[in-house]
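Engineer: What follows is a single structure, and I will ask about it in a moment.
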Amino acid sequence: MLDFGVDFNQAAANDNKPTQQMLDRQLLRAAEFDESEKIIDLIRRGADKNARHINNDTPLIIAAREGHEKTVRLLLRQNVDMHARNYQDEDAIAAARAGGNEAIAKRIAEKIEKQKQAAAQNQRDMLAPITEGSARDIPTLSLPQGIRRKKPPAPR
């Protein structure tokens with residue numbers, strides 16, 4: 001193939017290089033077969049933890065549907081996209097339920113709820129200094145001594 005000028009590092013239509021595509025395909029396959037050690041290695045080597053299968057399944061959707069609890073836990077610890085949907089508009093929770101894996105669906109739903117609660121708490125923490133104080137607590141700005149404010153021009 002090299003004799004014909006094939007560039008193995010040329011980006012594909014989706015801007016992934018062939019090496020990236022290979023890692024992503026291996027990750028999807030490892031999720032399908034519950035190969036958690038391989039998943040860790042592939043992510044360390046640069047595989048996209050939210051890689052997409054031909055039908056837009058992610059590793060989490062695949063592992064949830066197949067009932068691979070260990071792989072699901074691993075992927076959740078890697079902070080994968082829990083809201084991703086495939087072409088059938090199925091997320092990981094729906095995929096787990098479709099595969100008869102209610103415990104996995106519950107685990108993912110709990111992780112999503114914890115994520116929502118943490119985000120809400122962060123928002124409250126950011127707003128707390130503003131809402132807890134009163135207008136009296138906000139310092140007023142004044143001009144340095146000896147500087148006067150200019151009067152606005154009179155309307156014509």
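The values are calculated or read from the model by the stated rules, or taken from the named source; none is laboratory data. Every value quoted in this text rests on a predicted model; they were computed, and no experiment measured them. A quick note on method: Cβ atoms are made from the backbone with ideal geometry, for glycine too, and the neighbour counts reach across all protein chains shown.
Engineer: Report the residue count in the stretch 1-40 for those that are at pLDDT 75 or above and in a helix (DSSP H, G or I).
Structural biologist: Residues flagged as at pLDDT 75 or above and in a helix (DSSP H, G or I) within the stretch 1-40 amount to 20.
Engineer: Sticking with this one: Within the stretch 62-85, can one find any residue that is within 16 Å of the chain's Cα centre (by Cα), modelled with pLDDT of 95 or more and at positive phi?
Structural biologist: no
Engineer: While we're looking at this one, here's another question. Restricting to the stretch 64-85, what's the tally of residues that are in a helix (DSSP H, G or I) and of a type in the set (A, V, I, L, M)?
Structural biologist: Residues that pass the stated criteria total 5.
Engineer: While we're on this one: Being in a helix (DSSP H, G or I) and surrounded by 18 or more Cβ atoms within 10 Å (Cβ to Cβ) is the filter here; which residues of the stretch 41-51 pass it?
Structural biologist: Passing the criteria: LEU42, ILE43.
Engineer: Just the residues that are more than 16 Å from the chain's Cα centre (by Cα), assigned to a loop (DSSP other than H, G, I, E, B) and in contact (Cβ under 8 Å) with a residue 24 or more places away in the chain, please, taken from the stretch 86-100.
Structural biologist: TYR87, GLN88, GLU90, GLY99, GLY100
Engineer: Here are the criteria: (1) within 28 Å of THR19 (Cα to Cα); (2) over 19 Å from the mean Cα position of the chain (by Cα); (3) in a helix (DSSP H, G or I). Tell me which single one ALA103 does not satisfy.
Structural biologist: It fails just one condition, (1).
Engineer: Exactly one condition in (1) β-branched (Val, Ile, Thr); (2) in a helix (DSSP H, G or I); (3) surrounded by fewer than 17 Cβ atoms within 10 Å (Cβ to Cβ) is false for ILE54; which is it?
Structural biologist: Going through (1) β-branched (Val, Ile, Thr); (2) in a helix (DSSP H, G or I); (3) surrounded by fewer than 17 Cβ atoms within 10 Å (Cβ to Cβ) one by one, ILE54 breaks only (2).
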